[in-house]
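Inspection log for the structure reproduced underneath, given as structure tokens.
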Amino acid sequence: MKNKQKIIFPVAALVVLVVVLGMGFMSGWFSNPTTKTEFHEHTNFAVYLNGVQYNFNQSKYMINSSDRDSSIVHMHDLNGGTIHIEAPEITMGFFLKTLGMSVNSTCFVLDNGTAYCNSGDKTLKMYVNGVKSNLFDKQPLRDLDKILISFGNDSSQEIQKRLSTIPSDACIHSKKCPAPPGYVDTESLTCKTGEAAICSG
């Protein structure tokens, strides 16, 4: 009888362990932060370099479905003002890296290698929802946030103008505000064409 009890206890413990692990994987407890899941958020942003808004509305900056990193944070539909985020804990630095760019507290570097670095009265600044941030590459991308990166000798008035140019369609993509009259949901239209890689984000 004692031998049977010794056998039953480890078997029961093993069953409990398997059930807990299974629940953990199903609920995402053990998921990698850079693994694509049902997570789906949107951030709006703009970048100004020496007073000129950088054009992200180019096909080379849109989603590359064959790139794992691009599949979890990207832009699409030639909309260069909205970041689609498919996993938690994504930062601005990680997103820019998928575009071949980088940012830190002193420099913004384009995909062609051109660097805009603090020098004299020209400095790099970041604003999140109108509030200055010193996180730069470590700035988390959160749902409905508006992020401005600006390099130059910007006055406070110029910063305010640039903040007003950041798009406001993240809430539409996140289904948290109504679309204005005449708005065309290109994301939904693309889904209907069967382009699953874009449809998912």
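The values are calculated or read from the model by the stated rules, or taken from the named source; none is laboratory data. Remember, it's a predicted structure, so these values are computed and weren't measured experimentally. Glycine gets a Cβ as well: all are built from the backbone with ideal geometry, and neighbour counts include every protein chain shown.
For the range 141-164, the tally of residues that are polar (S, T, N, Q) and within 19 Å of the chain's Cα centre (by Cα) stands at 1.
When LEU144, LEU148 are checked against the criterion of being surrounded by 13 or more Cβ atoms within 10 Å (Cβ to Cβ), touching a Lys or Arg at 6+ places or on another chain (Cβ under 7 Å) and either modelled with pLDDT under 95 or in a loop (DSSP other than H, G, I, E, B) (or both), LEU144 stands alone in meeting it. Per the conditions (1) of a type outside the set (Val, Ile, Thr); (2) surrounded by 14 or more Cβ atoms within 10 Å (Cβ to Cβ); (3) assigned to a helix (DSSP H, G or I); (4) modelled with pLDDT of 90 or more, the sole criterion not satisfied by LYS161 is (2). The set of residues in the range 37-67 that are of a type outside the set (S, T, N, Q) and touching a Lys or Arg at 6+ places or on another chain (Cβ under 8 Å) comprises GLU41, PHE45, ALA46, TYR48.
Within the range 38-79, can you find the residues that are among the aliphatic types (A, V, I, L, M), in contact (Cβ under 8 Å) with a residue 24 or more places away in the chain and not in a helix (DSSP H, G or I)? Within the range 38-79, ALA46, VAL47, LEU49, ILE63, VAL73 meet the criteria. Of all residues in the range 89-105, those satisfying the criterion of being buried (at least 16 other Cβ atoms within 10 Å of the Cβ), of a type outside the set (Gly, Ala, Ser) and within 10 Å of the chain's Cα centre (by Cα) are ILE90, THR91, MET92, PHE94, PHE95, LEU96.
Residues that are polar (S, T, N, Q), in contact with a Gly (Cβ under 6 Å, 6 or more places away or on another chain) and surrounded by fewer than 16 Cβ atoms within 10 Å (Cβ to Cβ) do not occur anywhere in the range 61-81. For the range 166-177, the count of residues that are modelled with pLDDT of 90 or more and over 19 Å from VAL73 (Cα atoms) is nonzero. Evaluation of GLY194 against the conditions (1) surrounded by fewer than 17 Cβ atoms within 10 Å (Cβ to Cβ); (2) at pLDDT 95 or above; (3) farther than 16 Å from ASN44 by Cα shows that the sole unmet condition is (2). From the list ASP111, ASP154, the one residue that fits, being surrounded by 14 or more Cβ atoms within 10 Å (Cβ to Cβ) and either assigned to a helix (DSSP H, G or I) or modelled with pLDDT of 95 or more (or both), is ASP154.
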